[in-house]
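Peer 1: Dropping the structure in here first, questions after.
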Amino acid sequence: MSAPVRIECHRPGAPGLRRLRLDQVKQLLDQHSFWAQGRERAELKRMLSGSQAVVTAWRARQLVGIGRATSDGAYRAVLWDVVVSSDHQGQGIGRRIVETLLSSPALAGVERVYLMTTNSSGFYRQLGFNAADSQELLLWQPFSGSESG
């Protein structure tokens with residue numbers, strides 16, 4: 001019988017995760033998300049340090065899931081990078097990660113929690129998220145990679 005999955009809520013900025021388990025974070029993102037592949041270690045450290053809430057899921061010593069959030073602490077928060085390894089999906093781990101993020105002190109009492117998803121809207125709808133028809137997603141990319149010289 002395999003070990004149960006343990007959910008861990010980190011301190012803001014996830015200092016222990018940045019120091020001790022960054023390679024596992026990178027591996028999880030590289031192997032189980034298309035949008036976060038190839039992120040550099042230094043940027044992952046900055047990403048985690050700027051996150052007010054970070055939640056991880058562990059089976060024994062193996063990282064099997066992660067999610068994070070940023071928030072102004074009063075009005076708005078955003079969920080980012082909710083990822084569960086493919087071989088652990090469908091076991092309620094993603095739900096536990098999102099629920100732990102939503103109940104974290106950084107998100108307590110905010111008016112709205114946003115998230116963006118490309119292909120998992122059905123999962124988030126099951127957790128109470130709805131399409132925001134009254135808003136439009138806009139994107140500004142200062143370094144688009146197609147700059148001419």
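Peer 1: Where in the range 2-33 is the amide nitrogen less than 17 Å from a point lying 7 Å along the Cα-to-Cβ axis of residue 108?
Peer 2: 9-13
Peer 1: Another question, then. 222 nm [θ] for the chain, helices only, -39500 (n - 2.57) per DSSP H run of 4+, per residue, to 500?
Peer 2: -7500 deg cm²/dmol
Peer 1: Further question on the same structure: Match the structure shown to one of the listed values (1) 15.2, 44; (2) 15.8, 59; (3) 16.7, 51 of Rg and Dmax of the Cα atoms in Å, computed from it, and give that label.
Peer 2: (2)
Peer 1: Within the range 67-149, report the GluC sites (Glu not before Pro) that DSSP leaves as loop and that have at most 10 other Cβ atoms within 10 Å.
Peer 2: Sparse-neighbourhood loop GluC sites (Glu not before Pro): 111, 136, 147.
Peer 1: For residue 76 and residue 126 in one chain, what is 0.36 nm times their gap in residues minus the Cα-Cα distance, to one decimal in nm?
Peer 2: So the extension gain works out to 15.9 nm.
Bear in mind these aren't lab numbers, they're just calculated from the coordinates by the rules spelled out. Here the structure is a predicted model, which is why all the values come from computation and not from measurement. No Cβ is skipped: glycine too gets one built from the backbone with ideal geometry, and neighbour counts run over all protein chains shown.
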